[in-house]
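Q: Can you read through this structure? Questions will come right after.
The values are calculated or read from the model by the stated rules, or taken from the named source; none is laboratory data. No experiment lies behind these values; they were computed from the predicted model shown. Neighbour counts run over all protein chains shown; Cβ positions are idealised from the backbone, glycine included.
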Ligand SMILES: NC(=O)c1ccc[n+]([C@@H]2O[C@H](COP(=O)([O-])OP(=O)(O)OC[C@H]3O[C@@H](n4cnc5c(N)ncnc54)[C@H](OP(=O)(O)O)[C@@H]3O)[C@@H](O)[C@H]2O)c1
């Protein structure tokens, strides 16, 4: 049985992925801040190292080990740079970059021992194409890709793969604050003129953790309806 930890799986991409992987027969541990009725779920604040450690220990207690770590919890942060507060810099860096790194550091020893592991970091298209007023978010998401490439090299000989998925605009809660007019403007620059659905990301994750994908490591996959190519 494959044991999977998906952070940020109380909604959106994480929740859909949990459903898809459970259908595949995986043991999936979910997290979020809200309360959720699920035997393998913990409500945790993931901009905090102590909570991340508690989460890791809880999953180990329940599953024994983690074969697949999906660093998905994240916050979109939009603001002109001169209005960004130090508190926000610290919080967004922790949630989107430092904690994913920390969770990977906790999982690696037993993955090495088992000579199997999959680490998937959910980045964003904002990391590679740039987005005005999203510099803090973009910095954290680009950091995930740097971490992905170096870890992929470090862990290659242990049958551990590390990859990044960079979604374009996905129809989830994260977009809830965007009004209809702005959504129409966004679609004008998306080559396929549509939002990505969470299931599309989940199906890519399903492939990345499969045996067929064992040679795919250190990569960033833009799943973005053509946005990374141009408009
Ligand atoms: N939607 C997009 O267009 C898009 C595009 C590119 C990349 N992404 C990335 O995809 C990932 C998933 O986002 P989504 O679109 O599925 O959004 P979502 O539906 O808002 O899901 C975000 C998840 O992260 C959790 N979370 C947020 N802040 C947290 C915190 N401080 N501590 C612990 N958990 C926290 C949320 O839990 P609670 O709500 O229960 O707190 C939720 O489960 C994110 O990393 C995001 O940056 C999304």
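Q: Being under 18 Å from the mean Cα position of the chain (by Cα), within 11 Å of the ligand (Cβ to nearest atom) and over 30 Å from residue 85 (Cβ atoms) narrows it down to one of 223, 151, so name that one.
A: Numbers: 151 fails: within 11 Å of the ligand (Cβ to nearest atom).
None of the other options fit; the residue is 223.
Q: Here's another thing I want to ask about it. So in the range 195-218, with the set limited to residues that are touching a residue at least 60 places away in the same chain (Cβ under 8 Å) and within 18 Å of residue 116 (Cα to Cα), which one is surrounded by the most Cβ atoms within 10 Å (Cβ to Cβ)?
A: The qualifying residue surrounded by the most Cβ atoms within 10 Å (Cβ to Cβ) is 205.
One line per residue, one yes/no per condition, for (1) modelled with pLDDT of 95 or more; (2) within 9 Å of the ligand (Cβ to nearest atom); (3) touching a strand residue (DSSP E or B) at 6+ places or on another chain (Cβ under 6 Å):
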{"position": "74", "(1), (2), (3)": "yes, yes, no"}
{"position": "78", "(1), (2), (3)": "no, no, no"}
{"position": "82", "(1), (2), (3)": "yes, no, no"}
{"position": "118", "(1), (2), (3)": "yes, no, yes"}
{"position": "131", "(1), (2), (3)": "no, no, no"}
{"position": "138", "(1), (2), (3)": "yes, no, no"}
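Q: Given 89, 99, which one is touching a helix residue (DSSP H, G or I) at 6+ places or on another chain (Cβ under 6 Å) and in a helix (DSSP H, G or I)? Steps first, please.
A: On the way: 89 fails: touching a helix residue (DSSP H, G or I) at 6+ places or on another chain (Cβ under 6 Å).
Sole residue among the options that is touching a helix residue (DSSP H, G or I) at 6+ places or on another chain (Cβ under 6 Å) and in a helix (DSSP H, G or I): 99.
Q: Which of the residues belonging to the range 154-179 are within 16 Å of the ligand (Cβ to nearest atom) and part of a helix (DSSP H, G or I)?
A: If the condition is that a residue be within 16 Å of the ligand (Cβ to nearest atom) and part of a helix (DSSP H, G or I), then 173, 174, 175 are the ones that fit.
Q: How about the range 46-71: which of its residues are in contact (Cβ under 8 Å) with a residue 24 or more places away in the chain, over 14 Å from residue 108 (Cα atoms) and within 13 Å of the ligand (Cβ to nearest atom)?
A: Once the filter is applied, which keeps residues that are in contact (Cβ under 8 Å) with a residue 24 or more places away in the chain, over 14 Å from residue 108 (Cα atoms) and within 13 Å of the ligand (Cβ to nearest atom), the range 46-71 yields 46, 47, 48, 49, 52, 55.
Q: From 4, 36, grab the single residue that is buried (at least 16 other Cβ atoms within 10 Å of the Cβ) and either at pLDDT 95 or above or not in a helix (DSSP H, G or I) (or both). It would help to see each step written out before you state the result.
A: Numbers: 36 fails: buried (at least 16 other Cβ atoms within 10 Å of the Cβ).
Unique residue meeting the criteria: 4.
Q: In the range 163-185, how many are within 30 Å of residue 149 (Cα to Cα) and free of Cβ contacts under 8 Å to residues at least 24 places away in the same chain?
A: Residues in the range 163-185 being within 30 Å of residue 149 (Cα to Cα) and free of Cβ contacts under 8 Å to residues at least 24 places away in the same chain: 1 in total.
Q: Scan the range 108-132 for residues that are in a loop (DSSP other than H, G, I, E, B) and surrounded by fewer than 20 Cβ atoms within 10 Å (Cβ to Cβ) and jot them down. Spell out how you get there, then give the answer.
A: Filtering the range 108-132 for residues in a loop (DSSP other than H, G, I, E, B) gives 115-116, 123-125, 130-132.
Answer for the range 108-132, where residues must be in a loop (DSSP other than H, G, I, E, B) and surrounded by fewer than 20 Cβ atoms within 10 Å (Cβ to Cβ): 115, 116, 130, 131, 132.
Q: Answer yes or no as to whether residue 184 is within 16 Å of the ligand (Cβ to nearest atom) and either more than 20 Å from residue 77 (Cβ to Cβ) or loosely packed, with under 15 Cβ neighbours inside 10 Å (or both).
A: Details: within 16 Å of the ligand (Cβ to nearest atom): yes; either more than 20 Å from residue 77 (Cβ to Cβ) or loosely packed, with under 15 Cβ neighbours inside 10 Å (or both): yes.
Taking the combined requirement at face value, the residue satisfies it.
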